[in-house]
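Just below is one structure, and these are the notes that go with it.
The values are calculated or read from the model by the stated rules, or taken from the named source; none is laboratory data. This structure is a prediction, so every number in the text was calculated from the model and none was measured. Virtual Cβ from ideal backbone geometry, glycine too; neighbours counted across all protein chains shown. Protein only, heavy atoms only, side chains kept; ligands, DNA and RNA dropped before computing areas. Shrake-Rupley method; radii C 1.70, N 1.55, O 1.52, S 1.80 Å.
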Amino acid sequence: MTSSKSPEARTYADRAFRSPAGLVGGVLLLGLALWLGTDAILRGEGRTPWFAVAWLLVVVPSVLAFTLRPVVLAGDDRVRVRNPLRTIDIPWGAVDDFRAAYSSEVITEDGTKYPMWAIPVSLRQRKKANRQQMKAARTAGTGTDPVGEIKQAQVDQTIRELRLLCEHHAERKSAQGEPVVRWAFELIAPIAAGAVLLIALFATG
């Protein structure tokens, strides 16, 4: 005997949107920082190891926060925007729109705007896509209106997909509620500790 679940009861894995370039850059920066910092700790003389520890406390969490941490997770009931130092959970029913002008952002029904660090806006890529659309339109003899089946810039594709997901899930009973903001104290604490240690080292130098 087979049983089927209602659309309200079905759950799917969250869809993740993030910047591949940010991930690659973050891994490279993290590797470089750990290599230089470890070398200074093991081979440095005098107060050099202490300076290395302080710099690592500041640099490593900062690299993690601004490159590897940002992601937008779209689930059945909410969209989770994980930015460098805070995470915002927004039920689909509380989302008004997604936009990408000079930066991408999600706008709630009360007008609050939250940036989405994981979805960077490339004006160069957007201009290139627009030129391709206009060229295709001229070739097809439909004027210069940049519309059609031509591929959009990546950020515009992502925003369109998020809008479609919002339209699909916004009416779910489980997708109602208010946004919840949480700060990433697990990253803020070591950065603050490293900054305090650096100030102390410079002050007593």
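Stretched out straight at 0.36 nm per residue, the stretch from residue 112 to residue 170 would grow longer than its current Cα-Cα span by 19.1 nm.
Accessible area per residue (1.4 Å probe, heavy atoms of protein chains only) ranks 158, 38, 204 as 204, 38, 158, with the largest value leading.
Scanning residues 5 or more positions from residue 78 or on other chains, those with amide H under 5 Å from its amide H are 92, with H placed 1.01 Å from N in the peptide plane. Remark: segment 69-79, residue by residue, has Karplus-estimated 3J(HN,Hα) of 6, x, 6, 10, 10, 9, x, 6, 10, 7, 10 Hz, where x stands for each Gly or Pro and the curve is 6.51 cos²θ - 1.76 cosθ + 1.60 at θ = phi - 60°. Length available on full extension from residue 38 to residue 186: 0.36 nm per residue minus the Cα-Cα distance, which gives 51.1 nm.
Amide H to amide H, with H built 1.01 Å from N, residue 96 comes under 5 Å of 107, 108, 109, counting only residues 5 or more places away or on other chains.
How large is the dipole of segment 29-129 about the Cα centre if only Lys and Arg carry +1 and Asp and Glu carry -1, each at its Cβ, rounded to the nearest 20 debye? Could you put the intermediate results ahead of the total?
On the way: 13 positive and 10 negative charges, 106 e Å.
Taking the Cα centre of segment 29-129 as origin, the dipole is about 500 debye.
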